[in-house]
1. I'd like to check which strands (runs of 3 or more DSSP E) are fully inside region A:33-78 and have at least 3 residues that are surrounded by 14 or more Cβ atoms within 10 Å (Cβ to Cβ) and in contact (Cβ under 8 Å) with a residue 24 or more places away in the chain.
2. Working carefully through the options A:G380, A:G329, A:G306, A:G367, find the one that is within 30 Å of A:V221 (Cα to Cα) and assigned to a loop (DSSP other than H, G, I, E, B).
3. Is it true that A:T88 is in contact with a strand residue (DSSP E or B) (Cβ under 9 Å, 6 or more places away or on another chain) and modelled with pLDDT of 90 or more?
4. Of all residues being of a type in the set (D, E) and at pLDDT below 90 in region A:430-463, which is most open to solvent (accessible area, probe 1.4 Å)? Just the residue, please.
5. What is the one condition in (1) among the hydroxyl-bearing types (S, T, Y); (2) away from chain B (no Cβ under 14 Å); (3) touching a residue at least 12 places away in the same chain (Cβ under 8 Å) that A:Y351 does not satisfy?
6. For A:N333, are the conditions met, namely being within 14 Å of chain B (Cβ to nearest Cβ) and at pLDDT below 90?
7. Here is a check on your reading of the model: is A:R259 more than 21 Å from the chain's Cα centre (by Cα) and not aliphatic (A, V, I, L, M)?
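The values are calculated or read from the model by the stated rules, or taken from the named source; none is laboratory data. This one's a predicted model, so the numbers in the text were calculated from it and none came from an experiment. When we count neighbours, we look across all protein chains shown, and the Cβ atoms used for this are built from the backbone with ideal geometry, even at glycine. The protein model used for the area step is the full one, side chains on, heavy atoms only, and it has no ligands, DNA or RNA in it. Shrake-Rupley method; radii C 1.70, N 1.55, O 1.52, S 1.80 Å.
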Amino acid sequence: MPPHYSICLQKTVNKMKFSKFNLILRDEKYEQPVLFNTLSGSTFFVDEKIAAAVEKRDLSVLDEMGMEYLTRAGVIIDDCMNEDNIFTYNRDNIKYSSEVFSTTVFLTWACNLRCVYCFQERNGNVQHMDKRIADRYLKFVKDSTVNKGCKNVAVTLFGGEPLLNIEVGYYILEELQNFCKENELGFEGSIISNGTLLTEEIVQNLVKYGCNSIQITLDGVKEVHDSRRITANGSGSFDETIEALKLLNKLRMIGTVIRINVDKTNLDSTYNLLDYIGKNGLNLTRCYVDFGIVKGDTQACANYAGNCLVESEIGDVLYSLWKYAEEQGFRYNIAPARRFIYCGLYKENNYTITPNGDVYKCWEHAGEPVHRVGHIDNRGMLSYKTPVFYDWMTADPMKNDECRNCVYLPTCGGGCGVISYNETGTYHAKGCYGEKEKINRSLIMFIDKTIERQKQVDKELKE
Amino acid sequence: MGITFIGNPYEYGTLAKQHCGVNNCTDFNCGDFSCTSHHCTGFTTSSTTSVEDSDDDW
């Protein structure tokens, strides 16, 4: 039998072919090209001859052993296999999974900061969520969880600044925590805050009610942060934010993420910030550092677009920041992930709820009526889903030639609906913003670390 | 054949708990939730604690 034929499960002789999801990556730091199958995850160094064969989809250069090896790795597949179907099957499974009912709840639109790039207090709205709306929301979550047979409940408190209305936040967390205990369900709470109002008592309360992670934003060293994250009275917020992070680092009660939003105006100072908070500075290395790339693409922050990084730079910028953060003692395990959906918000059981009980899919669009998917009524029901819901939920990268034919698709998931909408006016375009470069760079991070570990193992074996 | 297996990054996440960024989830099933759950595409409440994280005290 020629090497490019095999027996498939139906016991018929089938022709073989290269997977459509084989990525060849050449990087100057490696002597050989990297072969990464984005569907299976298998990653190899290959010689130029094989790299060229993969790129040309020419199986003739492979010997029998090579064929078998790469077939086991998903790099070569039966010709009868349709990988689009594999992707769609897995995507559907995840989209309609009842594993978790997850919501982000805006406790308030009000914020004590006036960040230069932020959409909060949209249209001057400072509404808090009151107990009446909170009760409707709680009934919605509890009923939906039961009706959908979900095994877990997740809630993220957001805003505005959620600590401005934290009593309602405690109420929501406590109610959901008790509901989950009574029904033997998993529960996860988290909060996104600017940290300036945080106290030890608040941290203790959050933990008591099941909140196990907090995200706080830092945008650079003091002068940079203070020029971007400004309080309502015009002063900076750096000192208060740092105090909050020190407190969290000291208490060690709650997982802490330091979010650093990066654009052209603060990139250089971000390295100085990492020096300041890293192992040789304040040593906040129990926290995770997450870099956010500022995109001036929402209606409210479009005038900031000129300060944003050029898409082609994003991979290199992130790679450099990840490496530097690691050197400063922060923990990183960056690697490409298998993603059949780009983001959890493509799941049926994921919603964002604003203070008046309006429902959206993504928080980036919260408060913009054109993106509203519904409203929680006085019976605690999302009784009417707008056409937007169905439009969002039916976004399908397989219907989009650019995504369907993209080798990165299984490790990207088809891109962000918000980016898609802001660029094209529909949720159905590719929604890709630096994704390929980010994936390339995260693959290199993974390879670097794997080589490093192997060297360590070899060294230990020798000793 | 000039083929050298490096590894599989999709299995890597199960070995080490990692933050999956809010808008850039890099770990499909970390179950960690430091990422703020909303954007995480994976969800596991069971522990994903690894050898690396065994000394974690929060």
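1. A:34-37, A:76-78
2. On the way: A:G380 fails: within 30 Å of A:V221 (Cα to Cα); A:G306 fails: assigned to a loop (DSSP other than H, G, I, E, B); A:G367 fails: within 30 Å of A:V221 (Cα to Cα).
Of A:G380, A:G329, A:G306, A:G367, the one residue that is within 30 Å of A:V221 (Cα to Cα) and assigned to a loop (DSSP other than H, G, I, E, B) is A:G329.
3. No; evaluated as a whole, the condition is false for this residue.
4. A:E463
5. (2)
6. Judged against the criteria, A:N333 is a match.
7. no
This table checks each residue for (1) more than 18 Å from A:I242 (Cβ to Cβ); (2) buried (at least 22 other Cβ atoms within 10 Å of the Cβ); (3) modelled with pLDDT of 85 or more.
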{"position": "A:V257", "(1), (2), (3)": "no, yes, yes"}
{"position": "A:Y271", "(1), (2), (3)": "no, no, yes"}
{"position": "A:I277", "(1), (2), (3)": "no, yes, yes"}
{"position": "A:L282", "(1), (2), (3)": "no, no, yes"}
{"position": "A:Q299", "(1), (2), (3)": "yes, no, no"}
{"position": "A:Y304", "(1), (2), (3)": "yes, no, no"}
{"position": "A:N307", "(1), (2), (3)": "yes, no, no"}
{"position": "A:G315", "(1), (2), (3)": "yes, no, yes"}
{"position": "A:L318", "(1), (2), (3)": "yes, yes, yes"}
